[in-house]
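The values are calculated or read from the model by the stated rules, or taken from the named source; none is laboratory data. Because the structure is predicted, anything quoted here is derived from the model rather than measured. Here Cβ is always computed from backbone atoms with ideal geometry, including for glycine, and neighbour counts include all displayed protein chains.
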Amino acid sequence: MTAAITFDHVTKKYLSLSGETTAVEEFDCSIQEGEFVGIVGPSGCGKSTLLSMLAGLFGPSSGEVRLFGEPVTEPSLTIGYMLQQDYLLPWRTILDNVCIGLEIQSRKNAESIEYAKQLLREMGLEGTEPKYPHQLSGGMRQRAALVRTLAVRPKILLLDEPFSALDYQIKLQLEDLIVQTLDKYKITAVLVTHDLGEAIAMCDRVLVMSTRPGRLKNVFEVPEDIRALSPLDAREHQSFHQLFRQLWEELQDEE
Ligand SMILES: Nc1ncnc2c1ncn2[C@@H]1O[C@H](COP(=O)(O)OP(=O)(O)OP(=O)(O)O)[C@@H](O)[C@H]1O
């Protein structure tokens, strides 16, 4: 079966006035359709660089990045990208904000607006359609950003530390919501995070990267008994603590 995502011997070097930086080196990995994969690693090891290449923002210096078997050459409509900041436009209502991707792609119509409204309801944002971003809490804004990303029906969702600006309780609620949504809409996802617990509680597999230049150092499968639980309940499970320690020790060697 063709993988949803393939990194094939990917190396990325940045050139700047201060010289050349090899961010990622010989990174090899395949992610199957419907899988949810976490990437953890020391600061600056190239995690965001990997997501940017998946999103088609720039290409690798060598090697190839493929989506469903096709080389990535430009930003793809099959990708949704969610960042730490919500980037909602303050002068637009929530409904107009969540429809912005549909507008850009000339796909805004009665059916797609109804779908956006359905997503707002599923994210617990019913009634916020006519409001403006400043009238919403941080957690609500981030949920609105998630709706904006999902409204264009991406096949792949990239999450770059999407919860790091939120308080702990809101973060756990959002983790749960995202896992349910990915499952419901059969979306493949990649999560970059510094929070090992978050990666274990949400993902099917966790990739550990080395210090820069980032290489794939190890891969940990999240046991089925954790994956069957909600991100909140997973944190109570014995296997969660074992895996947390393994990941922690793996990363200690890298700091
Ligand atoms: N546009 C750029 N030009 C030059 N160097 C860059 C550029 N973008 C990133 N880098 C460098 O490449 C390396 C990898 O950066 P990247 O942001 O991908 O790492 P990261 O693992 O996501 O980091 P963090 O965990 O701190 O967010 C870093 O050393 C960074 O300074």
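Under the condition of being under 23 Å from Leu50 (Cα atoms) and outside any loop (DSSP other than H, G, I, E, B), the residues counted in the stretch 153-196 number 15. Might you let me know whether the stretch 51-63 holds any residue that is near the ligand (Cβ under 10 Å from one of its atoms) and in contact with a Leu (Cβ under 8 Å, 6 or more places away or on another chain)? There is at least one residue in the stretch 51-63 that is near the ligand (Cβ under 10 Å from one of its atoms) and in contact with a Leu (Cβ under 8 Å, 6 or more places away or on another chain). Residue count for the stretch 67-126 satisfying the condition of being at positive phi and of a type in the set (A, V, I, L, M, F, W, C): 1. Considering the stretch 1-49, the qualifying strands (runs of 3 or more DSSP E), each wholly inside and each with 1 or more residues that are under 15 Å from Pro213 (Cβ atoms) and more than 12 Å from the ligand (Cβ to nearest atom), run over 5-16, 19-31.
Close contacts from the stretch 5-26, counting a first residue that is under 18 Å from Gly56 (Cα atoms) and free of Cβ contacts under 8 Å to residues at least 40 places away in the same chain and a second that is surrounded by fewer than 21 Cβ atoms within 10 Å (Cβ to Cβ) and of a type in the set (Phe, Trp, Tyr), with Cβ to Cβ under 7 Å and a gap of 6+ residues or different chains, come to none at all.
Filtering Asp195, Asp167, Asp176 for residues that are over 24 Å from Ser76 (Cα atoms), within 16 Å of the ligand (Cβ to nearest atom), assigned by the TED database to the domain that holds Ala55 and surrounded by fewer than 20 Cβ atoms within 10 Å (Cβ to Cβ) leaves a single hit, Asp195.
Okay, residues lined up against (1) crowded, with 16+ Cβ neighbours inside 10 Å; (2) in the same structural domain as Asp8 (by the TED database); (3) assigned to a helix (DSSP H, G or I):
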site: Val208; (1), (2), (3): yes, yes, no
site: Arg212; (1), (2), (3): yes, yes, no
site: Asn218; (1), (2), (3): no, yes, no
site: Asp233; (1), (2), (3): no, yes, yes
site: Leu247; (1), (2), (3): yes, yes, yes
